[in-house]
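The values are calculated or read from the model by the stated rules, or taken from the named source; none is laboratory data. Since the model is a prediction, treat every value here as computed from it, not as a measurement. Cβ sites come from the backbone with ideal geometry, for glycine too, and all protein chains shown count toward neighbours. Surface areas here come from the heavy atoms of the whole protein model, side chains and all, with no ligands, DNA or RNA. Shrake-Rupley method; radii C 1.70, N 1.55, O 1.52, S 1.80 Å.
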Amino acid sequence: EAGVAQSPRYKIIEKRQSVAFWCNPISGHATLYWYQQILGQGPKLLIQFQNNGVVDDSQLPKDRFSAERLKGVDSTLKIQPAKLEDSAVYLCASSPTGGYTEAFFGQGTRLTVV
Amino acid sequence: DQQVKQNSPSLSVQEGRISILNCDYTNSMFDYFLWYKKYPAEGPTFLISISSIKDKNEDGRFTVFLNKSAKHLSLHIVPSQPGDSAVYFCAASEASKIIFGSGTRLSIRP
């Protein structure tokens, strides 16, 4: 079974530029998460989708971050414009629908904003 | 507002001994608790979980204990092996929303 796929693996951009990350979850998984992990901290939930609907985006900085999950499968996370403090690893995870909520993670995208 | 806390940023244990990683939480509505392991340049991988209605779950060398009255859980690894050296994240779930602690770096020394 293929795992969660993310691209790119690494990205370096200048502040005020825009960037987009892509995630393809495990086939059949209805729930998709985007997390931000700053160095030395735990993953912080940015947004959670159930199929193509948003379940929780309370910690998503909506003035600069946006995410979509068209057709309830793959997803993109965009930052526009980027700030220095957005430097982090962006992790995508997916889980099957149901009461047991183990999530499977991709390798992440390391973003450096200079 | 940290709902899941791991107060020990690092832990060093001798190979063959028991490793005990601790985690505290504040939200009594959490229904599952999970432990993830993370190696450098990789995403976290699921290790073991426990339902809020249980107090112990065991899987091979890994055992998780839950003390709901103290809002505390712990992960025991015995015996500890060199490959266990990694960052361990405690996580808690409420209605499929998963919240992570800040992690504990476990180092297994020979």
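Worth pointing out:
- Any hit, the range A:40-47, residues being within 12 Å of another protein chain (Cβ to nearest Cβ), surrounded by fewer than 17 Cβ atoms within 10 Å (Cβ to Cβ) and in a loop (DSSP other than H, G, I, E, B): yes
- Filter result (closer than 12 Å to A:Leu111 by Cα and assigned to a strand (DSSP E or B)) within the range A:1-27: A:Ser7, A:Tyr10, A:Lys11, A:Ile12, A:Ile13, A:Val19, A:Ala20, A:Phe21
- Taking first residues from the range B:89-110 that are farther than 12 Å from B:Leu21 by Cβ and within 10 Å of chain A (Cβ to nearest Cβ) and partners that are among the aromatic types (Phe, Trp, Tyr) and open to solvent by 40 Å² or more (accessible area, probe 1.4 Å), the Cβ contacts under 6 Å between residues at least 6 apart in sequence or on separate chains come to B:Ser93/B:Tyr32.
- Taken over the range B:47-104, the criterion of being of a type in the set (Ser, Thr, Tyr) and outside any strand (DSSP E or B) is satisfied by B:Ser52, B:Ser69, B:Ser80, B:Ser85, B:Ser96, B:Ser102.
- Search result, residues across the range A:50-74 that are touching a Lys or Arg at 6+ places or on another chain (Cβ under 6 Å) and within 11 Å of chain B (Cβ to nearest Cβ): A:Asp56
- Selection count, the range B:1-31, where residues are open to solvent by 80 Å² or more (accessible area, probe 1.4 Å), touching a Lys or Arg at 6+ places or on another chain (Cβ under 9 Å) and among the charged types (D, E, K, R): 1
- Here is the figure for the range B:33-44: residues that are surrounded by fewer than 22 Cβ atoms within 10 Å (Cβ to Cβ) and at the interface with chain A (Cβ under 7 Å from one of its Cβ atoms) total 1.
- Scan the range B:52-71 for residues that are touching a strand residue (DSSP E or B) at 6+ places or on another chain (Cβ under 6 Å), surrounded by 14 or more Cβ atoms within 10 Å (Cβ to Cβ) and at negative phi and the total you get is 7.
- Of all positions in the range A:6-22, at least one carries a residue that is in contact (Cβ under 8 Å) with a residue 12 or more places away in the chain, open to solvent by less than 10 Å² (accessible area, probe 1.4 Å) and within 14 Å of chain B (Cβ to nearest Cβ).
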